[in-house]
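Worksheet: one structure, shown below.
The values are calculated or read from the model by the stated rules, or taken from the named source; none is laboratory data. Quantities reported herein were computed from a predicted structural model and do not represent experimental measurements. All Cβ positions, glycine included, derive from the backbone under ideal geometry; neighbour counts span all protein chains shown.
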Amino acid sequence: TQLLEQSPQFLSIQEGENLTVYCNSSSVFSSLQWYRQEPGEGPVLLVTVVTGGEVKKLKRLTFQFGDARKDSSLHITAAQPGDTGLYLCAGVAAGNKLTFGGGTRVLVKP
Amino acid sequence: KAGVTQTPRYLIKTRGQQVTLSCSPISGHRSVSWYQQTPGQGLQFLFEYFSETQRNKGNFPGRFSGRQFSNSRSEMNVSTLELGDSALYLCASSLVAQGRGSYEQYFGPGTRLTVT
């Protein structure tokens with residue numbers, strides 16, 4: 001069973017601060033996805049990382065896939081209230097079900 | 001292109017009743033997956049349908065069932081509702097089935113089910 005652990009579970013910061021969310025597993029994934037979910041809505045796909053060591057940037061968001069493809073991180077620079085939401089990582093192992101992490105709830109206060 | 005739609009958005013049912021939820025995937029997507037989301041358990045996979053066949057199933061009791069139609073629309077049914085079934089039920093569609101490529105999911109807004 002692949003298990004994805006996200007940390008921290010909850011993060012509250014002031015507007016303008018930076019934050020990092022981690023997604024760790026003992027299993028190797030062929031790809032890893034990050035989603036953001038806002039209250040009352042379904043998760044929205046932010047990015048997919050496929051290659052070990054890969055770094056992708058989406059405006060102020062930076063996603064990194066670990067060299068061994070077992071972990072990933074999401075870094076937000078100069079967070080804004082619009083970044084508030086539940087961040088979910090999800091790993092895909094060949095032939096297996098997509099596995100979601102428990103989520104990190106981020107609150108950015110103005 | 002229209003996104004994933006789910007109906008109804010909100011539902012209140014009584015213990016023992018049954019419920020049917022509906023999902024229309026993005027046009028051209030043949031994979032539809034269902035998830036249950038609760039504060040305590042997070043996002044849990046229920047099952048996936050691809051071309052009208054159930055391909056994968058999560059660890060849920062047989063009271064949870066689903067089906068997919070030839071136009072890729074899917075329904076999920078929960079029989080003999082229990083209080084613990086109160087949750088947000090999310091449907092997601094994908095171009096490919098699980099185990100094929102990166103399997104990116106496009107979620108609908110969910111159906112909020114409350115069992116009293």
Quiz item: Among the residues of segment A:33-48 satisfying the criterion of being outside any strand (DSSP E or B) and either facing another protein chain (nearest Cβ under 8 Å) or not charged (D, E, K, R) (or both), which is nearest to A:LEU107 (Cα to Cα)?
Solution: A:PRO39
Self-check item: Test result for B:GLY84, out of contact with any His (no Cβ under 9 Å at 6 or more places or on another chain), in a helix (DSSP H, G or I) and surrounded by fewer than 15 Cβ atoms within 10 Å (Cβ to Cβ)
Solution: yes
Quiz item: For residues in segment A:78-104 being of a type outside the set (Gly, Ala, Ser) and surrounded by fewer than 16 Cβ atoms within 10 Å (Cβ to Cβ), which is nearest to the other protein chains (Cβ to nearest Cβ)?
Solution: A:PRO81
Self-check item: Complete set of residues in segment A:53-79 that are part of a loop (DSSP other than H, G, I, E, B) and under 28 Å from A:PRO110 (Cβ atoms)
Solution: A:LYS59, A:ARG60, A:THR77, A:ALA78, A:ALA79
Quiz item: Checking A:GLY82 against (1) assigned to a strand (DSSP E or B); (2) free of Cβ contacts under 8 Å to residues at least 60 places away in the same chain; (3) farther than 23 Å from A:GLY52 by Cα, which single condition isn't satisfied?
Solution: (1)
Quiz item: Assuming B:ARG67 fulfils every condition listed in (1) in contact (Cβ under 8 Å) with a residue 40 or more places away in the chain; (2) not in a loop (DSSP other than H, G, I, E, B) apart from one, which condition is it?
Solution: (1)
Exercise. Tell me which of these A:PHE65 doesn't satisfy, since it passes every other one: (1) under 16 Å from the mean Cα position of the chain (by Cα); (2) under 23 Å from B:ALA92 (Cα atoms); (3) within 14 Å of chain B (Cβ to nearest Cβ).
Key: (2)
Quiz item: Of the residues B:SER33, B:SER27, which is assigned to a strand (DSSP E or B) and in contact (Cβ under 8 Å) with a residue 12 or more places away in the chain?
Solution: B:SER33
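For B:THR53, indicate whether it is more than 22 Å from A:PRO39 (Cβ to Cβ), in contact with a Leu (Cβ under 9 Å, 6 or more places away or on another chain), among the hydroxyl-bearing types (Ser, Thr, Tyr) and loosely packed, with under 12 Cβ neighbours inside 10 Å.
Values: more than 22 Å from A:PRO39 (Cβ to Cβ): yes; in contact with a Leu (Cβ under 9 Å, 6 or more places away or on another chain): no; among the hydroxyl-bearing types (Ser, Thr, Tyr): yes; loosely packed, with under 12 Cβ neighbours inside 10 Å: yes.
No, not satisfied.
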Practice problem: Please verify whether segment B:39-59 includes one or more residues that are under 22 Å from B:GLY3 (Cβ atoms), within 11 Å of another protein chain (Cβ to nearest Cβ), in contact with a Pro (Cβ under 9 Å, 6 or more places away or on another chain) and touching a residue at least 40 places away in the same chain (Cβ under 8 Å). | Solution: yes
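Test B:THR114 against the criterion of being modelled with pLDDT of 95 or more and more than 14 Å from the chain's Cα centre (by Cα), and give yes or no.
On the way: modelled with pLDDT of 95 or more: yes; more than 14 Å from the chain's Cα centre (by Cα): yes.
For B:THR114, the condition - modelled with pLDDT of 95 or more and more than 14 Å from the chain's Cα centre (by Cα) - is met.
Quick one: which residue in A:GLU54, A:GLU5, A:GLU15 is within 13 Å of chain B (Cβ to nearest Cβ), in contact with a strand residue (DSSP E or B) (Cβ under 8 Å, 6 or more places away or on another chain) and touching a residue at least 40 places away in the same chain (Cβ under 8 Å)? Walk me through it before giving the result.
Values: A:GLU54 fails: touching a residue at least 40 places away in the same chain (Cβ under 8 Å); A:GLU15 fails: within 13 Å of chain B (Cβ to nearest Cβ).
When all the criteria are applied, what remains is A:GLU5.
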